[in-house]
Each structure stands twice: as C-alpha cells, then as structure tokens.
Amino acid sequence: MQSDNAGSPAVAPADTSSLNRRIFWKLMPLLILVYTISFLDRTNIALAKHSMSIDLGLSAATYGLGAGLFFLSYASLEIPSNLLLHRVGARFWITRIMITWGALSSAMAFVQGPTSFYLLRLLLGAAEAGLFPGVILYLTYWFDRKDCARATGYFLLGVCIANVIGGPIGGALLELDGVFGLHGWQWLFFLEGLPAILLAFVVWRKLPDRPSAAPWLSKEDARDLELRLYQREQHSAHAFKDCLRDGQIWLAIFVYFCHQITIYAVIFFLPGIIGASGHFSPFLIGVLSAAPWLAASIGAATLPSLAKTSTQSRSLLIVGLLIMASGLVVAVYAPPALGLLAMCVSALMFFGVQSVLFSFPSSRLSGTARAGGLGLLNACGVLGGFVGPTVMGIVEQTTGKALNGLLLMAGALLIAAACSVRLRHGSERKPLEAEQGPLNPAADAASGLSPTTDR
C-alpha cells in the first residue's frame, strides 16, 4: 500500500467499502440485539400496567409518575456514563450497563407498592443511562460520518423490533398468571430481564473496544482505519467546554427533544388510540400497533444511506420532520383506517431522521467533547420520554381524546423542521488551520493518538 507525502496511508475506495461491510456484519447484529432487549425492558411496563395496577393498587397518577421517573434518572446520568465509556472502553462499560439493567428489570417482579415501584424505576433508568449515546460514540470509532449515520439507522432497528415483538412476547408471559403463585406481570418482568444479563457475556467476549483490538481485522487494516478516522477529527472540538459553547449543539438538542416527545407519545399512547377507535381484541390491537413500527424499520434501514453530503443530510432531516408532522395531523382528522396509514407514513421517518440528526454534533466534536456532547444530546432529548407522555395524558384527561395531543406533537415537529434549516456539519465551518496553523496528523499518529483518545 502506498503512502502520500504526509506519511498517512492511502486507502482505496474499494478497500474502504469492503472493510466497512465487514465491520457492519461483525458489529451491527450484536448491537441491534442489545438495543432490542433494552427497549423491551424499558417499555414492558406498558403491558404490565393493567394487571399490575390492580394487584398493587396503583393509581393512574402513580403509574404515570413511575413510568416517567425512569427518564429522569436516565437523563441525569447520560453525560457521566458516556465520559466513563470513553475512558474505560465500550466493551467493559456496555457489559456493566447490561448486567445492572437486566438485574433491576427482573427485580421489578418484586415491587410491593408505590415506593418500591418509584425506586426501581429510578434505579433502572440510572443503570441503563449511557447505552444509546455510548453506542453512537462507539460507532464513530469505526465509521466516517456517512457510514456512521447508516450504522445508527441500523442500530435503531432495535426499537422497531422491540415494538413489533414486544406485544406478542409480553402477552404470552402475562398468560403465566398464577404459575408458582406469581402474577403474570411478575413473570413478564422477571423473564424479560434475564436476556440482558446473558447477552452481556456475549458482548464481553465479542465486542472489541477499537479497530486495533478486533481479531477479525488485520493489523494493517486496523491501523489504516484508525489513522483515517483520526485525521477526520483534526478540525473538531476536543474539550467538553467547547461542546457547551457551540450553538449548533444546542440547536441539535432542541430538534432532538421535539423529535423524542413525538416518539414516546406514540409508543405509550398508540395502542390506546387504536383501541378507542373500534371494538378490537387485545391481539388485534397489538397487531395494528405494530404496523407503524414495521414502517419505521424500513425507514431506519434505507433513509440514512441517502444522506451522503451535508446538504442531503439537512434536506432529509427537514423533509422527514415535515412528513412526521403531516402524518400526525392526518391521523387526528382522518377515519381510523386512513389515520393508521398516515401514522405509518409518519413512522417511516422516525429513525431515518434520528440517525441523520446525530451526525451533525458528531461531525463537530471529537474525544471527550464528543463523548460528553452525545451524552448531553441524548440526555436532553430523552426527557421527551417524560414530557411527551405527560402532555398527552393531560390533553386526554382535559379533552377526552388522546388524538388531540398529536396536534401539539405536530406543532413541535414543525418548529423543529424550521430550526433544522440552520444546522451545519463540522465540515461546513471555517477550517481551524486558518487560526491555528497547519496540523501534522502523521506526527500526531506517531505519538500514539487515535480516534478514541484526547489530544
């Protein structure tokens, strides 16, 4: 392999494409499975709500607060969790996250009343904090901006899969009511927590911290990949304080927050909206509720590949948010069948939009700044998991129709689309060489710096 004048190896496009495919197949199936199990454990409380509330005497307000407390502790620990992952390595930290969240999810089977319910939901959120931004950070160790958006889209398939299979699996576990003297919801929590613990040991054995630690990459491929990605980051902010001073990061946070309040509103209220629109059996409600998530999986797998340039990324983000808003408005006023179709069209954009949105702050940050910045982005965004369902609940209680809450979600998405016009990738700003002088990537690489270390 030839080297350029700067001393960095030149990687042929064909070689890069082949290498990326190999990395995709080695990393993404495991990461998708991790996120699928994570979301099953995060949202199975919706299936347990009815019987759990009856058995424990939980009011609707108690249930709603307990469901939301997860997101408060989750959000508060996103940044420190991501900074720790950056320091100790993804392999160890993701394994730790999975073991603790799996154990606490199973422990939900032993809830006795409101106090233990609140406590375990808080602990579960704290245990799982950092998983999503940690994986997004981890993907930047392996892929450039375009391929990282595509990998993020595939990772988000875990949400779609969880929402499609969660109903049937949860329903089957609820049918175990009375077995060995346990309630069905106890079996649901206990058994759905175990896969996370078991899969944690697979992550420990199979997930390399960085290319140089991957046994399925040659030393030459690993070195070339780490150097190529390191050179990409020379014009990015490295310190966390730089992230806090970047208005683009806060703009991305606002857009993501608007996106997330919509996602979680749909997750927690769609089954009820479908049930209220006709006399459907629980099984049919579960089947119909899965339709938008099947559409979302198609979007997650296909749309990010369309964002090959900064302009295309921004256009996809804006158009996607507008389509999401339009679909929600149609769902409010259209007949039930057409409304569900509109919801599917809206859902098609859910995770295509999310994966592209994360590429904007990722392209502007590196090192500690990227770890903290992605944690901050997800921490603020995931608060939508608390705000969205809360607002939907208030609207439903006030107006008698949960559908009316979707109009507020659509308004938030329109504002987010307008703000997205001003989002910029790091490559679209003035290069730092004009102020700092030329950099020598080859010399930096020789000093031991890599995409996973700070300057």
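What the table shows:
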{"quantity": "Residue list for the stretch 228-253, filter: part of a helix (DSSP H, G or I) and modelled with pLDDT under 85", "calculated": "228, 229, 230, 231, 232, 240, 241, 242, 243, 244, 245"}
{"quantity": "Where residue 64 falls short, out of the listed (1) modelled with pLDDT of 90 or more; (2) part of a helix (DSSP H, G or I)", "calculated": "(1)"}
{"quantity": "Residue satisfying condition, being β-branched (Val, Ile, Thr) and surrounded by 21 or more Cβ atoms within 10 Å (Cβ to Cβ), within set 267, 197, 253, 285", "calculated": "267"}
{"quantity": "Any hit, the stretch 143-164, residues being closer than 17 Å to residue 55 by Cα, of a type outside the set (Val, Ile, Thr) and surrounded by fewer than 17 Cβ atoms within 10 Å (Cβ to Cβ)", "calculated": "no"}
{"quantity": "Total residues in the stretch 254-308, condition more than 26 Å from residue 376 (Cα to Cα), in a helix (DSSP H, G or I) and aromatic (Phe, Trp, Tyr)", "calculated": "3"}
{"quantity": "Out of 197, 161, sole residue that is in a helix (DSSP H, G or I), touching a residue at least 40 places away in the same chain (Cβ under 8 Å), under 30 Å from residue 142 (Cα atoms) and in contact with a Gly (Cβ under 7 Å, 6 or more places away or on another chain)", "calculated": "197"}
{"quantity": "Filter result (hydroxyl-bearing (Ser, Thr, Tyr) and either in contact with an Asp or Glu (Cβ under 7 Å, 6 or more places away or on another chain) or in a strand (DSSP E or B) (or both)) within the stretch 361-386", "calculated": "366, 368"}
{"quantity": "Selection from the stretch 324-347 of residues that are out of contact with any Leu (no Cβ under 6 Å at 6 or more places or on another chain), crowded, with 24+ Cβ neighbours inside 10 Å and not small (Gly, Ala, Ser)", "calculated": "343"}
{"quantity": "Any chance residue 355 is closer than 18 Å to residue 249 by Cα and at pLDDT 85 or above", "calculated": "yes"}
{"quantity": "Residue within the stretch 295-303 that is surrounded by 18 or more Cβ atoms within 10 Å (Cβ to Cβ), among the aliphatic types (A, V, I, L, M) and farther than 30 Å from residue 81 by Cα present", "calculated": "yes"}
{"quantity": "Within the stretch 41-64, tally of residues that are surrounded by fewer than 18 Cβ atoms within 10 Å (Cβ to Cβ) and among the aliphatic types (A, V, I, L, M)", "calculated": "4"}
{"quantity": "Every residue from the stretch 203-227 that is among the aliphatic types (A, V, I, L, M), in contact with a helix residue (DSSP H, G or I) (Cβ under 7 Å, 6 or more places away or on another chain) and part of a helix (DSSP H, G or I)", "calculated": "203, 222, 225, 227"}
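A quick yes/no check of all residues on (1) of a type outside the set (Gly, Ala, Ser); (2) more than 30 Å from residue 51 (Cβ to Cβ); (3) without any contact (Cβ under 8 Å) to a residue 40 or more places away in the chain:
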{"site": "180", "(1), (2), (3)": "yes, no, yes"}
{"site": "188", "(1), (2), (3)": "yes, no, no"}
{"site": "220", "(1), (2), (3)": "yes, yes, no"}
{"site": "229", "(1), (2), (3)": "yes, yes, no"}
{"site": "240", "(1), (2), (3)": "yes, yes, no"}
{"site": "245", "(1), (2), (3)": "yes, yes, yes"}
{"site": "250", "(1), (2), (3)": "yes, yes, yes"}
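The values are calculated or read from the model by the stated rules, or taken from the named source; none is laboratory data. Given the structure is predicted, the values throughout are model-derived calculations rather than measurements. Counting neighbours? That spans all protein chains shown, and the Cβs are built from the backbone with ideal geometry, glycine included.
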